[in-house]
Amino acid sequence: MSYFLRKKIEMPSDESAIKGRDEALEVKPEHFVSGVSFVPPYPSGMQEIVLALGCFWGAERAFWSLPGVYATAVGYAGGFTKNPTYDEICSGMTGHTEVVRVVYDPVLTNLDALLQKFWESHDPTQGMRQGNDTGTQYRSAIYCSDAESLTVVQSSAAEYQKALSQAGYGDITTEIAPLAEFFFAETYHQQYLAKNPNGYCGLGGTGVTCPV
């Protein structure tokens with residue numbers, strides 16, 4: 001196994017990670033599908049969850065049309081590099097995973113419904129990969145903005161683990177943690193599959209239903 005491949009599937013340390021930059025990447029804030037701004041501030045009362053389930057192109061499409069979802073945006077989270085670029089993410093030396101930020105109206109939907117979509121849309125037992133996509137940026141993760149959401153997520157993971165185990169799958173490897181920081185991905189990645197309907201989508205679940 002080459003050093004480059006090894007580097008892609010092992011998390012770097014804070015010391016070895018690419019340092020990044022102080023300036024945030026510029027993004028065009030208009031959502032290509034809905035037309036709303038996916039950059040904060042969001043309307044009063046909105047809540048958010050940050051999810052990683054493989055390549056973020058397909059992951060974002062899975063959520064932008066769900067009832068109660070106000071906006072979605074793709075980006076990077078869970079690593080060390082400040083304001084990383086896509087090329088840096090793909091090197092495996094930032095520690096970030098590809099994520100979709102889901103901003104939703106809790107009056108119209110709830111976190112359980114979003115988590116059901118999350119669990120059923122990918123295989124959360126695969127570690128540093130999703131299907132044929134291999135690397136730290138493809139690991140499964142859920143990042144929460146408050147303690148209440150974290151409790152809901154942990155409970156949901158425990159329930160889905162029971163269903164997966166009964167179906168013969170292994171342990172869930174999804175990283176569940178408070179959200180430290182979210183960095184927007186470049187504009188061309190935002191709502192990519194709406195702009196490029198025939199583009200690549202590696203999303204695929206286990207076929208195991210998530211209890212709600």
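The values are calculated or read from the model by the stated rules, or taken from the named source; none is laboratory data. The structure displayed is predicted, hence computed values, not measured ones. Cβ: placed from backbone, ideal geometry, glycine included. Neighbour counts: every protein chain shown. Side chains are part of the model used for accessible areas, which takes the heavy atoms of the whole protein and leaves out ligands, DNA and RNA. Shrake-Rupley method; radii C 1.70, N 1.55, O 1.52, S 1.80 Å.
For the condition closer than 19 Å to L66 by Cβ and either open to solvent by 60 Å² or more (accessible area, probe 1.4 Å) or within 15 Å of the chain's Cα centre (by Cα) (or both), P211 qualifies. Here D171, D112 are screened, and the one residue that is surrounded by 14 or more Cβ atoms within 10 Å (Cβ to Cβ), of a type in the set (D, E), modelled with pLDDT of 95 or more and out of contact with any Pro (no Cβ under 8 Å at 6 or more places or on another chain) is D112. Among the residues making up segment 52-78, a single one is on the phi < 0 side of the Ramachandran plot, open to solvent by less than 30 Å² (accessible area, probe 1.4 Å), touching a Ser or Thr at 6+ places or on another chain (Cβ under 8 Å) and assigned to a loop (DSSP other than H, G, I, E, B): L53. Select from segment 188-202 the residues that are surrounded by 15 or more Cβ atoms within 10 Å (Cβ to Cβ) and not small (G, A, S) and write down the one among them that is nearest to D87 (Cα to Cα). Restricting to residues being surrounded by 15 or more Cβ atoms within 10 Å (Cβ to Cβ) and not small (G, A, S), the top hit is H189. Yes or no: A180 assigned to a helix (DSSP H, G or I) and hydrophobic (A, V, I, L, M, F, W, C)? No, not satisfied. Number of residues in segment 93-123 that are within 21 Å of W64 (Cβ to Cβ) and not in a helix (DSSP H, G or I): the value is 16. Within segment 124-134, the set of residues being in contact with a Phe, Trp or Tyr (Cβ under 8 Å, 6 or more places away or on another chain) and either open to solvent by less than 20 Å² (accessible area, probe 1.4 Å) or outside any loop (DSSP other than H, G, I, E, B) (or both) comprises P124, R129, Q130.
The rows are residues; the columns are (1) of a type in the set (D, E, K, R); (2) touching a residue at least 60 places away in the same chain (Cβ under 8 Å); (3) over 19 Å from T72 (Cβ atoms); (4) touching a Ser or Thr at 6+ places or on another chain (Cβ under 8 Å).
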| site | (1), (2), (3), (4) |
| --- | --- |
| T151 | no, no, yes, no |
| S155 | no, no, yes, no |
| Y169 | no, no, yes, yes |
| I176 | no, no, yes, no |
| F184 | no, yes, no, no |
| Y192 | no, yes, no, no |
| Y200 | no, yes, no, no |
